[in-house]
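Trainee: Next up is a structure, given as structure tokens.
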Amino acid sequence: MEIGLNHLLGVSALLLIIGLMGVICRRNIIMILLGLEIMLAAGNLAFVAFARANGNLAGQIMVFFVMIVAAAEVTVGLAIAVVLARKIRSVNADEMRQLKW
Amino acid sequence: MIHPALFYSFSALTLLGALGAVAARHPMRAVLSLTVSLFGLSGLFVGLGAHFVAVIQILLYAGAILILFLFVVMLVESPETERMNIRNIWVKLLGIGFGAVLLRILWRVIGAGGEPPIAPHAVEGTVEAVGRELLTTYALPFEAASILLLVGIVGAIVLAKRKVT
């Protein structure tokens with residue numbers, strides 16, 4: 001059976017839901033950022049699949065930009081995690097209740 | 001198009017790696033599991049003709065971002081026994097809602113009669129083709145992305161550095 005666009009979009013949807021599960025169910029900030037990375041990867045897969053289906057390169061260029069934004073986001077997010085671990089001695093998202101300390 | 005056997009094996013690698021990353025108790029195992037998942041995704045990209053994206057995926061994600069994750073996991077002591085947040089009623093409701101949406105999408109995908117048309121001529125995403133597009137049609141977003149990266153670097157340094165006394 002030939003693999004078509006639908007199969008790729010199905011894998012992409014599953015990957016997105018797995019990442020979303022990580023974002024919702026985990027409490028550790030690092031794991032939440034990891035779930036966000038999985039969700040962005042699912043978006044990348046859909047972009048590449050559509051680029052292949054339409055026969056142009058626009059989707060692959062978009063994946064390039066998504067990766068750059070993901071790199072910037074993760075850099076700042078992990079820096080915030082390091083600061084939180086230093087200040088309140090925890091990376092548990094449930095323990096962050098104060099705006100200043 | 002990608003060979004079915006390759007598609008299913010790489011998809012299984014991607015999805016199982018992602019599941020392992022989400023379900024692993026210790027963050028270190030989760031990051032290593034995500035590496036496996038990203039390698040599978042890279043295989044899918046190669047199968048779709050996106051060679052440049054696949055290489056960038058390995059170099060940038062597996063090579064740079066996950067190393068950053070590993071450093072932070074080792075810097076920050078995580079609780080060994082982190083329990084999943086599934087006792088909360090709102091989390092349950094959200095899970096049921098998103099599960100229903102997923103089932104609906106998959107049902108549409110499987111039940112769809114005809115495959116959507118795929119372009120007959122495969123466009124190979126080689127370094128030359130992607131680079132040419134990136135520096136002509138998409139030159140402005142490309143430069144904006146470099147500014148974003150610079151802002152990210154400066155922000156990370158300002159946030160994470162210790163005060164020199």
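Trainee: Would the protein assembly as shown count as rounded, prolate or oblate if I go by the C-alpha gyration tensor, calling it rounded below 1.5 in a/c and otherwise prolate when a/b exceeds b/c, oblate otherwise?
Mentor: oblate
Trainee: Within the stretch B:126-165, report the trypsin sites (Lys or Arg not before Pro) that DSSP leaves as loop and that have at most 12 other Cβ atoms within 10 Å.
Mentor: Numbers: sites: B:ARG132, B:LYS161, B:ARG162, B:LYS163; in loops: B:LYS161, B:ARG162, B:LYS163.
The qualifying sites are B:LYS161, B:ARG162, B:LYS163.
Trainee: Right, next: Compare A:PHE47, B:PHE71 by solvent-accessible area with a 1.4 Å probe and give them largest first, with all protein chains kept in place.
Mentor: B:PHE71, A:PHE47
Trainee: Roughly how big is the B-A contact, given as buried accessible area in Å² (both sides, 1.4 Å probe, nearest 100)?
Mentor: Numbers: alone 13610 and 7380 Å², together 14260 Å².
About 6700 Å² of accessible surface is lost on pairing.
Trainee: Next up: Under the definition of partner shielding as Cβ atoms of other protein chains within 10 Å of a residue Cβ, what is the mean value for peptide B:57-65?
Mentor: Mean shielding count: 3.
Trainee: Rounded to the nearest Å, what's the spacing between the alpha carbon centres of the stretch B:131-152 and the stretch B:1-45? Just the number, please.
Mentor: 29
Trainee: Output the Cα-based Rg and Dmax of the stretch B:1-82 in Å, rounding Rg to one decimal and Dmax to a whole number.
Mentor: 14.1, 45
Trainee: While we're here: Charges only on Cβ, +1 for Lys and Arg, -1 for Asp and Glu: so what's the dipole of the protein assembly as shown about the Cα centre, in debye to the nearest 20?
Mentor: Numbers: 19 positive and 13 negative charges, 255 e Å.
For the protein assembly as shown, the charge dipole is close to 1220 debye.
Trainee: A further question follows. Return an integer: the convex hull volume of the alpha-carbon atoms of chain A, in Å³ per residue.
Mentor: 95
Trainee: Given points 7 Å out from each Cα along the Cα-Cβ axis, report the A:ALA93 to A:VAL23 separation in nanometres with one decimal.
Mentor: It works out to 0.9 nm between the two label points.
Trainee: Accessible area of the stretch A:5-95 with a 1.4 Å probe: how many percent of it is carbon plus sulfur? It would help to have the intermediate numbers written out before the result.
Mentor: Numbers: 1980 of 2820 Å².
After summing per-atom areas, the C and S share lands at 70 percent.
Trainee: What's the percent breakdown of Cα-Cα distances in the stretch B:126-165 across 5 Å bins, shortest bin first?
Mentor: 6, 20, 15, 14, 13, 11, 8, 6, 4, 2, 0
The values are calculated or read from the model by the stated rules, or taken from the named source; none is laboratory data. If you're wondering where the values come from, they're calculated on a predicted model, not measured in any experiment. Cβ coordinates were reconstructed from backbone atoms using ideal geometry, including for glycine residues, and neighbour counts include every protein chain displayed. Only protein heavy atoms, including side chains, enter the accessible area calculation; ligands, DNA and RNA are left aside. Shrake-Rupley method; radii C 1.70, N 1.55, O 1.52, S 1.80 Å.
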